[in-house]
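Written out below as structure tokens is the structure these notes cover.
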Amino acid sequence: MFVPRKRTAALMLDCAVIAAMAVLMALNYQVFILSNAFAPSGLNGLATMIQYLFHFSVGYVSLIINVPLAVACALWVNRRFAFRTLLFTLVFSAALLVMQKAVDMSRFIYHTEDGRSTLLAPVVSGAVNGFIYGVVIRRGGSTGGTDFIGEFVHKRNSSYSMMHVTFSVNVLIAVLSYFVYDYNIEPVALCIIYCLITTVVSDRFVRSGKRAWKVEMITAHPEEVTQAVINELHHSTTVLRAEGGFSHAGKTMLICVINYHQIARMEEILRRFPDTFACVSTVSETIGNFRSVRRRG
């Protein structure tokens with residue numbers, strides 16, 4: 001009984017976080033994107049241009065695009081991914097429609113005197129949406145649009161990268177924005193700035209959640225070093241038997257993964273053992289149990 005309850009609680013938390021990110025994205029669109037005459041990345045960029053030309057809300061266009069894609073993805077690709085992405089899409093569309101039709105947001109909307117932003121709108125909105133995308137991806141969903149297309153393409157051809165799909169769609173959006181926004185090159189530049197910032201922020205957030213150091217130590221005092229690591233850093237080591245390439249003498253290699261801020265204390269430990277040396281490399285992500293060892297007794 002405990003495991004299902006725990007899984008249910010985790011699912012509810014994931015859904016709550018995804019819904020909160022969808023509301024934040026709707027607010028970001030309403031405040032920074034829709035009033036500043038540029039198209040963001042992905043299929044929502046197409047929806048933004050449709051609203052600009054025909055005054056048909058991005059909220060409705062997003063539903064028309066994403067609901068069929070979500071159903072198809074659930075049937076043929078990945079139900080878990082499709083459900084969480086559909087949840088994001090539904091909440092985003094509902095929140096955006098409420099902000100556009102039922103709430104006066106005029107005092108919060110950012111725009112310059114001539115109705116266009118040269119820099120701040122794509123910078124802020126790109127950073128916010130990059131953060132949103134990173135959070136949602138870590139919860140097993142996405143913001144929809146090109147992510148659905150990427151899932152279909154990847155299932156058909158696993159060697160084809162999602163980056164190719166995203167890049168192709170974003171290039172198309174940037175080119176179209178030139179014609180949609182009165183044959184002006186500025187919206188193209190703003191779209192490129194938005195795409196760049198969104199990609200950098202989301203990638204940094206996704207990859208930096210559990211960054212760590214991997215320390216590989218060659219030592220003649222494996223037990224002493226291991227105890228020092230356990231007592232002072234609250235991590236353990238993996239012990240491997242090794243052989244020196246020059247002397248062919250038996251050696252011991254210790255492998256330890258520590259948190260980013262613990263590298264200075266690890267150096268202090270190694271200085272106590274002059275015949276010990278270590279190789280240190282960065283770990284962009286840790287998967288599984290990376291909890292500290294708790295000393296008892």
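Only the coordinates and a few stated rules stand behind these numbers; no lab work does. Since this is a predicted model, take the numbers as computed values, not measurements. Backbone-built Cβ (ideal geometry, glycine too); neighbour counts: all protein chains shown.
Before moving on, here are some points about what is shown:
- Calculated [θ] (222 nm, deg cm²/dmol) that DSSP helices of n ≥ 4 give over the chain, each run adding -39,500 (n - 2.57): -19000 deg cm²/dmol
- Gaussian network model of the chain, springs between alpha carbon atoms under 10 Å - residue of Val171, Val257, Val128 with greatest fluctuation: Val257
- For Phe56, the residues whose amide H sits under 5 Å from its own are Gln51, ignoring neighbours fewer than 5 places away on the same chain, with H placed 1.01 Å from N.
- Close amide-amide hydrogen proximity is noted between Thr112 and Ser117, each under 5 Å apart and 5 or more residues distant or on a separate chain (H modeled in the peptide plane; Pro and chain starts excluded).
- The packing ranking of peptides 31-38, 135-142, 9-16, highest mean first, is 31-38, 135-142, 9-16, where packing means the average number of other beta carbon atoms within 10 angstrom of each residue.
- For a straight C-alpha distance cut-off of 17 angstrom, the aspartates and glutamates reachable from Lys214 (same-chain residues fewer than eight places away being disregarded) are Glu232, Glu267, Glu268, Glu285.
- Label-point gap, in nm, between Ala220 and Ile109 - each point 7 angstrom along Cα→Cβ: 7.6 nm
- Under-5 Å amide H pairs with Ser142, H placed in peptide plane, nonlocal only: Thr85
- Under Karplus coefficients 6.51, -1.76 and 1.60, residue-wise ³J(HN,Hα) of segment 80-94 in Hz, glycine/proline x: 4, 4, 5, 4, 5, 6, 4, 4, 4, 4, 5, 5, 4, 5, 4
- Cα gyration tensor shape for the chain, rounded if a/c is under 1.5, else prolate or oblate: prolate
- Per-residue ³J(HN,Hα) for segment 135-143, Karplus 6.51 cos²θ - 1.76 cosθ + 1.60, θ = phi - 60°, Hz, x for Gly and Pro: 5, 5, 4, 5, 9, x, x, 7, 8
- For segment 2-207, the relative contact order comes to 31 percent (Cα pairs under 8 Å, sequence separation of at least 6).
- Largest mean-square fluctuation among Thr85, Thr282, Thr146, in a Gaussian network model of the chain whose springs join Cα atoms under 10 Å apart, belongs to Thr282.
- Whether segment 1-85 is rounded, prolate or oblate, judged on the alpha carbon gyration tensor where a/c under 1.5 counts as rounded: oblate
- Choice from Phe148, Phe246, Phe56 showing the highest fluctuation, given a GNM over the chain with Cα pairs closer than 10 Å: Phe246
- Its Cα centre serving as origin, segment 2-207 has a Cβ charge dipole (Lys and Arg +1, Asp and Glu -1) of approximately 1120 debye.
- In order along segment 248-264, phi translates into HN-Hα couplings of 6, 7, x, 10, 10, 10, 10, 10, 9, 10, 10, 5, 4, 7, 9, 5, 5 Hz, rounded to whole numbers, per the Karplus curve 6.51 cos²θ - 1.76 cosθ + 1.60 with θ = phi - 60° and x for Gly and Pro.
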